[in-house]
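Trainee: One structure follows; several queries about it will come next.
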Amino acid sequence: MAPSLLDRYTFVVSPQDEDGEFIALCPAFPGLSAFGETPEAALSEARTALAGFIEVYQDKGWRLPQPDRVPSESDPVPLLLSKDLYARLARLASAKGVALSEMLAANLADALGDD
């Protein structure tokens, strides 16, 4: 199987339990999960499982799930604000002479400690 097909799907790896094992999931394939003693081992097992899932799907003539699309820096980020909060932020941005989106991005970067 072409490695590029495997690379089109994303995985989520997280600690499983107090025993120190990790679980890897592939959100595009709800039944796919794999375990490992390290995150790397769990991911490796999940990639092996994904290859098997893809093979079964192809053998059965089933349509493969759409791969997760990795967001780009230019993707819009929906943000729901109350009318009052939006108005207050817009006034503040205007007073500073910057675009609201620029001010929000700078404040979020500051909150994360980014320089």
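The values are calculated or read from the model by the stated rules, or taken from the named source; none is laboratory data. Because the structure is predicted, anything quoted here is derived from the model rather than measured. Surface areas here come from the heavy atoms of the whole protein model, side chains and all, with no ligands, DNA or RNA. Shrake-Rupley method; radii C 1.70, N 1.55, O 1.52, S 1.80 Å.
Trainee: Identify the residue in segment 1-49 that is open to solvent by 40 Å² or more (accessible area, probe 1.4 Å) and of a type in the set (Phe, Trp, Tyr) and, among all such residues, is farthest from the chain's Cα centre (by Cα).
Mentor: PHE35
Table: residues versus (1) acidic (Asp, Glu); (2) assigned to a loop (DSSP other than H, G, I, E, B); (3) at pLDDT 90 or above.
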{"residue": "LEU43", "(1), (2), (3)": "no, no, yes"}
{"residue": "GLN58", "(1), (2), (3)": "no, no, yes"}
{"residue": "TRP62", "(1), (2), (3)": "no, yes, yes"}
{"residue": "PRO67", "(1), (2), (3)": "no, yes, no"}
{"residue": "GLU73", "(1), (2), (3)": "yes, yes, no"}
{"residue": "PRO76", "(1), (2), (3)": "no, yes, no"}
{"residue": "ALA106", "(1), (2), (3)": "no, no, yes"}
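Trainee: Can you name the residue in segment 69-95 that is open to solvent by less than 60 Å² (accessible area, probe 1.4 Å) and either under 20 Å from the mean Cα position of the chain (by Cα) or of a type in the set (Asp, Glu) (or both) and is also nearest to ARG8 (Cα to Cα) among such residues?
Mentor: So the residue we want is SER72.
Trainee: If you don't mind, there's one more thing I want to ask. Looking at (1) open to solvent by 100 Å² or more (accessible area, probe 1.4 Å); (2) within 21 Å of PRO27 (Cα to Cα), find the lone condition where VAL56 falls short.
Mentor: Checking VAL56 against (1) open to solvent by 100 Å² or more (accessible area, probe 1.4 Å); (2) within 21 Å of PRO27 (Cα to Cα), the one that fails is (1).
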